[in-house]
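To start, the structure itself, in structure tokens.
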Amino acid sequence: MRKIPEKCRQWLLQELPILENKGILSAESRQRLDDYYSNQVESRVHWAAILCAGLGALLIGGGIILLFAHNWEDLSRTARAVLSFCPLAIAVVLSALAIRRGGTGLCESAGIFHSLAVGACIALIGQTYHLPSNTPGFLLVWALLVLPLIFLLPSTGAYLFYITLICSWSGAAQDEYGQALGFWLLLIPAVIHVVRLIRREAHEGLVSLWGLILMLPIALGIVLERTVPGLWIISYACFYSLSGLLGLRLYPTESGWRNPLQTVGLAGITGLTYIFTWQNMWHDIGWSNTRHDGNYQEWGIWFDSAITLGLALAWALTAVKTLQRNSLPSLILCSFPLLACAAFFFASTSEGEIINTLLFNAYMLALGLALLAQGCRSTQLRQVNYGMAVLGLLLITRFFDSDFGFLARGLVFILMGSCFLATNLIIARKKHQQQEAQS
Amino acid sequence: MNWRMIFFGLLIVAQVAVPLRMIQQRETVLREGELFRFKTEPIDPADPFQGRYVWLQIEDDFVPISKAAANAIDYKATGYALLNVDEQGFAKFTDWSSERPTLTTNYLKTKSRGQAVNWEQLPDGQRTPVHEGLGIDIPFTRFYMDEAKAPRAERLAREATRNEDCWVEVRIFNGKAVIEDVIAEGQSLRDLASIEE
């Protein structure tokens, strides 16, 4: 069912009596149109208002924390303990109001303020009783007490707080306990929240999806034990590819900001490809170089392998369903993990550093050229520029690696810059001509 | 009342119960715990959430056990450090137990930090490690202070440390510890830092 914005419905409601008076619509048809469009209004979110409300709550909450951080020594221990609960009490009233009345702005500001108040309360009691720093414990308790707010209010601000807290917890726990396995359990509610939002309406969960897809690569890097050097190459290749393929499946007509999965997937693969073009990357990797010193867990071999296998299976299943031979993003996303796997096994079984380096240099060159060609064919300026940026990055880096003179470097730079400008001008002109022809 | 309000009520109970439990535990220690003094050297950092504090570097942060016994204990293993008081009235850790002691309440629940060594200067100028015991985590290293007073407190306490005249008073009860005060030059660090120069 196609939904329309509220202002369009208002316009239509004004037009209907005119159309009826002119005899274009019968009274019955007019009534039917009126009835139909009264239920087809988009639930538009006023982002500016929500952003202001959220920012306001964030600033007030942060201000309260700083006020308490001044440490009012003259107050008695009891008075300070009671004061620690004040922001929480205000947050409870605000959240109760938000649950009763609803409204995105109120829910978001309540969610952010309440999340901050919970952390502030625990931190301030720690200050009053001079408690030692226990960062993972503090972050875990904070995250668990914020978690229900995501579903009860519901609040994207509280959700963003939660995923930031669990990501920070994974880092602190890895440092303190040597492992952060609990991260995967803590991640489940966040994934459930995003899936629920997307199922309700695909675009409603965009901000939450952006948060999740930006947090996951950071957390993956922290949680992996790295006992087997280089296994992360396959994990990350599968992760970014899976992300991009899911983006193609869930939002086939969208790109850029409106398709976070595809955008992060393609950007991640480009970044990885660039890292893989360096020869040092391929030193001492694979099971034969497994780390045994005290900083690495023995069980990390199994844990990292299980994570990698899980990601690879998810990627394979999605790739089989999504692969389209005529779609460039689909081909890039499906081919990259295969190449990364092959390079990992090659580097771990033989001295394949130079071959892997050459392979990924060639892959990056092909990637840039393919994006450029596709962009020119479909007159998509964004894709053209992306392809040019990939090519430019590769050429400039390799150029600085080599022993070329200043004159040669200068000429190549000017040539590349001219190519950039000329391509952009041609595509912009072509696009303009197409638009004129259409109008 | 709908289910959301019921769950919200439960959430509020949890959100209030966690800090209240923290308060109750510390108040019990302050009320029933025995007072110990630990020689210390304070440093002044800051925490973005909790404000300025004086970081207390406890001098005797180890349990004097043999090298073999210390090496047999896993790094970061949880255990109990037993306490006693020396002839000068300062607290000393005396022994390590992996089981919770039942005959006394004067012990600290902590984690091992591997072998503790003291670097001693040899006559030829070289330094050599001398085994001291099992290093342990000290769970009372932060003394929160007014943001204006903390840097001055650190300086005054450092001067007092040179004269071996700075210690932290800690109440310890059933493995838990809560700082009561930090004493430098015979008076509370808070009072000392309040005196206008």
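Within the bounds of segment A:242-264, is there any residue that is of a type outside the set (A, V, I, L, M, F, W, C), in contact with a Phe, Trp or Tyr (Cβ under 7 Å, 6 or more places away or on another chain), over 30 Å from A:Thr104 (Cβ atoms) and buried (at least 23 other Cβ atoms within 10 Å of the Cβ)? No: segment A:242-264 contains no residue that is of a type outside the set (A, V, I, L, M, F, W, C), in contact with a Phe, Trp or Tyr (Cβ under 7 Å, 6 or more places away or on another chain), over 30 Å from A:Thr104 (Cβ atoms) and buried (at least 23 other Cβ atoms within 10 Å of the Cβ). Against the conditions (1) in a helix (DSSP H, G or I); (2) more than 7 Å from chain B (Cβ to nearest Cβ), A:Pro154 satisfies every one except (1). Kindly establish whether B:Phe140 is under 14 Å from the mean Cα position of the chain (by Cα) and within 30 Å of A:Ala123 (Cβ to Cβ). Yes, satisfied. Kindly provide the set of residues from segment B:95-125 that are in a strand (DSSP E or B), of a type outside the set (Ser, Thr, Tyr) and under 21 Å from B:Phe36 (Cα atoms), ordered by number. Of everything in segment B:95-125, those that are in a strand (DSSP E or B), of a type outside the set (Ser, Thr, Tyr) and under 21 Å from B:Phe36 (Cα atoms) turn out to be B:Asp95, B:Trp96, B:Leu108, B:Lys109, B:Lys111. Which one is farthest from A:Met215 (Cα to Cα), of the residues in segment A:157-180 that are among the hydroxyl-bearing types (Ser, Thr, Tyr) and within 13 Å of chain B (Cβ to nearest Cβ)? Filtering first and then ranking leaves A:Tyr177. Evaluate the following for A:Gly211: is it in contact with a Leu (Cβ under 9 Å, 6 or more places away or on another chain), touching a residue at least 24 places away in the same chain (Cβ under 8 Å), part of a helix (DSSP H, G or I) and not assigned by TED's automatic domain parsing to the domain that holds A:Ile166? No; evaluated as a whole, the condition is false for this residue.
Being small (Gly, Ala, Ser) and touching a residue at least 40 places away in the same chain (Cβ under 8 Å) is the filter here; which residues of segment B:138-157 pass it? Correct list: B:Ala150, B:Ala153, B:Ala157. Among the residues of segment A:73-86, those identified as facing another protein chain (nearest Cβ under 9 Å) and part of a loop (DSSP other than H, G, I, E, B) are A:Glu73, A:Asp74.
Counting the residues of segment B:55-85 that are surrounded by fewer than 16 Cβ atoms within 10 Å (Cβ to Cβ) and over 20 Å from B:Asp181 (Cβ atoms) gives 12.
Taking the criterion of being at pLDDT below 85 and within 29 Å of A:His130 (Cβ to Cβ), the only residue of segment B:102-133 that qualifies is B:Asn118. A:Ser330 satisfies every condition listed in (1) among the hydroxyl-bearing types (Ser, Thr, Tyr); (2) farther than 22 Å from A:Leu220 by Cα; (3) out of contact with any helix residue (DSSP H, G or I) (no Cβ under 9 Å at 6 or more places or on another chain) except (3).
Within the option set A:Asn385, A:Asn361, A:Asn356, being in contact with a Ser or Thr (Cβ under 6 Å, 6 or more places away or on another chain) and assigned to a helix (DSSP H, G or I) holds for one residue only, A:Asn361. Please verify whether segment B:161-170 includes one or more residues that are aliphatic (A, V, I, L, M) and under 30 Å from B:Gly186 (Cα atoms). Yes, because at least one residue in segment B:161-170 is aliphatic (A, V, I, L, M) and under 30 Å from B:Gly186 (Cα atoms). Inspect all residues belonging to segment A:87-96 and state whether any of them is modelled with pLDDT of 85 or more, assigned to a helix (DSSP H, G or I) and loosely packed, with under 13 Cβ neighbours inside 10 Å. Yes.
Pairs are defined by a Cβ separation below 6 Å, a sequence spacing of at least 6 or placement on different chains, a first member in segment B:173-186 that is within 14 Å of another protein chain (Cβ to nearest Cβ) and closer than 21 Å to A:Arg77 by Cβ, and a second member that is of a type in the set (Ser, Thr, Tyr) and part of a strand (DSSP E or B); the pairs so defined are B:Asp181/B:Ser188. Screening segment B:134-162 for residues that are crowded, with 18+ Cβ neighbours inside 10 Å, modelled with pLDDT under 80 and within 14 Å of chain A (Cβ to nearest Cβ) and picking the one that is nearest to B:Asn118 (Cα to Cα) gives B:Ala153.
Select from segment A:129-144 the residues that are assigned to a helix (DSSP H, G or I) and surrounded by 23 or more Cβ atoms within 10 Å (Cβ to Cβ) and write down the one among them that is nearest to the other protein chains (Cβ to nearest Cβ).
Among those residues, the one meeting the criterion is A:Trp142.
Quick grid of which residues meet (1) at pLDDT 85 or above; (2) closer than 23 Å to B:Phe143 by Cα; (3) not aromatic (Phe, Trp, Tyr):
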position: A:Lys22; (1), (2), (3): yes, no, yes
position: A:Glu28; (1), (2), (3): yes, no, yes
position: A:Ala69; (1), (2), (3): no, yes, yes
position: A:Val82; (1), (2), (3): yes, yes, yes
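The residue of segment A:53-80 that is surrounded by the most Cβ atoms within 10 Å (Cβ to Cβ), among those that are small (Gly, Ala, Ser) and out of contact with any Pro (no Cβ under 8 Å at 6 or more places or on another chain), is A:Ala57.
Which one is modelled with the highest pLDDT, of the residues in segment B:163-197 that are outside any loop (DSSP other than H, G, I, E, B) and more than 20 Å from the chain's Cα centre (by Cα)? That would be B:Asp191.
For segment A:384-417, give me each residue that is among the charged types (D, E, K, R), closer than 14 Å to A:Tyr274 by Cβ and surrounded by 13 or more Cβ atoms within 10 Å (Cβ to Cβ). The answer is A:Arg398, and nothing else.
Being free of Cβ contacts under 8 Å to residues at least 24 places away in the same chain and within 32 Å of the chain's Cα centre (by Cα) holds for only one residue in A:Ser335, A:Ser330, A:Ser348, and it is A:Ser335.
The values are calculated or read from the model by the stated rules, or taken from the named source; none is laboratory data. In this text the structure is predicted, and so the values were computed from the model without any measurement. Every residue, glycine among them, receives a Cβ derived from its backbone with ideal geometry; neighbour counts consider all protein chains shown.
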